[in-house]
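Read through the structure below, which is laid out as structure tokens, and then see the notes.
The values are calculated or read from the model by the stated rules, or taken from the named source; none is laboratory data. Predicted model, so just to flag it, every value in this text is computed and none were measured. For neighbour counting, all protein chains shown are included, and Cβ atoms are generated from backbone atoms with ideal geometry for every residue, glycine included.
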Amino acid sequence: MMSMTKTGIPDVTRTREKSRGILPKHWYAHLILLVAVAIIGFPLFYALLVSTQSNFEVIRYQFWPGTALRENWEFMMNQLGLWRFMINSFFIAVAVALGKVVFSLFAGLGLVYFRYPGKWLVFGFIILTLMTPTEVLAIALFRLVNNFNWADTYAALTVPFFASATSVFLFRQHFRSIPSELSEAAQLDGATPLQFLFRVLIPLSWSTIGAIVVIMFLDTWNQYLWPLLIIRSTEQQVIQVGVAKALTEIQNSQEYGPLMLGAVLSSLPPLIVFLLLQKQFMKGFALTRDK
């Protein structure tokens with residue numbers, strides 16, 4: 001209904017403004033984003049459907065839930081022991097993420113708040129390691145782990161990865177964005193470096209810590225080559241290798257529903273961790289420029 005002015009004349013301007021407000025200002029951007037979400041999310045949606053279906057339903061390209069969810073669950077969880085692989089991967093990923101945070105906190109503290117000869121060379125060497133893939137170091141790391149008698153143990157999957165150049169770089173950049181007046185005030189109050197770290201830096205770094213935990217958890221969860229090389233017993237294997245072994249057995253029986261169920265279940269823990277820490281993840285990368 002057209003609005004009226006005090007004189008009784010229709011207010012055409014206000015009516016046009018209301019009609020323009022029906023659609024968002026940048027409606028085309030929303031449309032593009034909705035299409036992109038639909039394209040990206042369709043494979044996951046179809047995987048969810050296939051995980052509940054039998055082979056007959058999969059071949060028919062049935063786009064609604066099937067009737068074989070219980071059978072697929074029994075095959076993956078009881079026969080292949082997927083739950084054991086998921087528990088192993090979860091505790092290993094948590095241990096590696098927390099270990100990297102602890103070691104990187106001390107490294108960032110030393111690179112920013114301590115003065116010593118060759119500090120820039122140390123930081124340059126750390127940055128240089130970012131360009132070295134883990135696969136290149138696999139043979140040397142394998143020999144080192146065997147020398148410590150850590151083969152086929154959880155220590156081989158956790159301890160070698162506590163050091164992280166990415167985490168050190170992020171903490172170093174974050175600490176440099178914190179005003180230097182806080183460090184000077186802490187020194188005047190007689191605080192030790194550890195007291196300054198735990199009472200000042202860590203409370204100001206929760207967003208960065210959350211972002212690093214998400215990144216390192218996902219990276220450790222998705223490891224495949226190293227666990228395949230160093231772990232021999234099935235009971236201590238991780239989820240990625242477990243799903244690959246399941247694929248080998250499933251190919252012999254031509255069962256696609258259990259494989260999709262395993263893929264969906266293996267993606268849930270990283271998704272839950274990201275959802276729980278998404279605010280910290282987004283804030284953690286809002287780093288100010290280097291001084």
Practice item. Could you tell me whether residue 186 is crowded, with 16+ Cβ neighbours inside 10 Å and either farther than 30 Å from residue 237 by Cβ or of a type in the set (Lys, Arg) (or both)? Key: yes
Point to revise | Number of the condition not met by residue 236 [criteria: (1) modelled with pLDDT under 85; (2) touching a Ser or Thr at 6+ places or on another chain (Cβ under 9 Å); (3) more than 30 Å from residue 171 (Cβ to Cβ)] | key: (1)
Review point. Does residue 246 count as hydrophobic (A, V, I, L, M, F, W, C), surrounded by 15 or more Cβ atoms within 10 Å (Cβ to Cβ) and at pLDDT below 85?
Key: yes
Revision key, fill the gap. Checked pairs for segment 128-146, first free of Cβ contacts under 8 Å to residues at least 40 places away in the same chain and under 15 Å from residue 162 (Cα atoms), second in a helix (DSSP H, G or I) and among the aliphatic types (A, V, I, L, M), C-beta under 7 Å and 6 or more apart or across chains, list as 129/165; 130/165
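Let's see how each residue does on (1) crowded, with 19+ Cβ neighbours inside 10 Å; (2) assigned to a loop (DSSP other than H, G, I, E, B); (3) touching a helix residue (DSSP H, G or I) at 6+ places or on another chain (Cβ under 7 Å); (4) not assigned by TED's automatic domain parsing to the domain that holds residue 192:
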site: 40; (1), (2), (3), (4): no, no, no, yes
site: 46; (1), (2), (3), (4): no, no, no, yes
site: 88; (1), (2), (3), (4): yes, no, yes, no
site: 92; (1), (2), (3), (4): yes, no, yes, no
site: 97; (1), (2), (3), (4): yes, no, yes, no
site: 102; (1), (2), (3), (4): no, no, no, no
site: 105; (1), (2), (3), (4): yes, no, yes, no
site: 117; (1), (2), (3), (4): no, yes, no, no
Study note, to complete from the structure: Checking 57, 71 in turn, the sole residue that is crowded, with 19+ Cβ neighbours inside 10 Å and over 30 Å from residue 157 (Cα atoms) turns out to be 57
Review point. With (1) modelled with pLDDT under 90; (2) in a helix (DSSP H, G or I); (3) surrounded by 14 or more Cβ atoms within 10 Å (Cβ to Cβ) as the list, and residue 255 as the residue in question, which single condition is left unmet?
Key: (2)
Study note, to complete from the structure: The one condition residue 67 fails out of (1) among the polar types (S, T, N, Q); (2) part of a helix (DSSP H, G or I); (3) in contact with an Asp or Glu (Cβ under 9 Å, 6 or more places away or on another chain) is (2)
Check your understanding: Taking into account only those residues within segment 146-196 that are assigned to a loop (DSSP other than H, G, I, E, B) and of a type in the set (Ser, Thr, Tyr), which is modelled with the lowest pLDDT?
Key -> 164
Revision key, fill the gap. Among the residues of segment 52-99, the number that are among the aromatic types (Phe, Trp, Tyr), modelled with pLDDT of 85 or more and farther than 25 Å from residue 167 by Cβ is 3
**Study point:** Condition met for residue 175 (within 19 Å of the chain's Cα centre (by Cα) and crowded, with 18+ Cβ neighbours inside 10 Å)
**Key:** no
Review point. Considering only residues of segment 199-249 that are charged (D, E, K, R) and in a helix (DSSP H, G or I), which is nearest to residue 85 (Cα to Cα)?
Key: 235
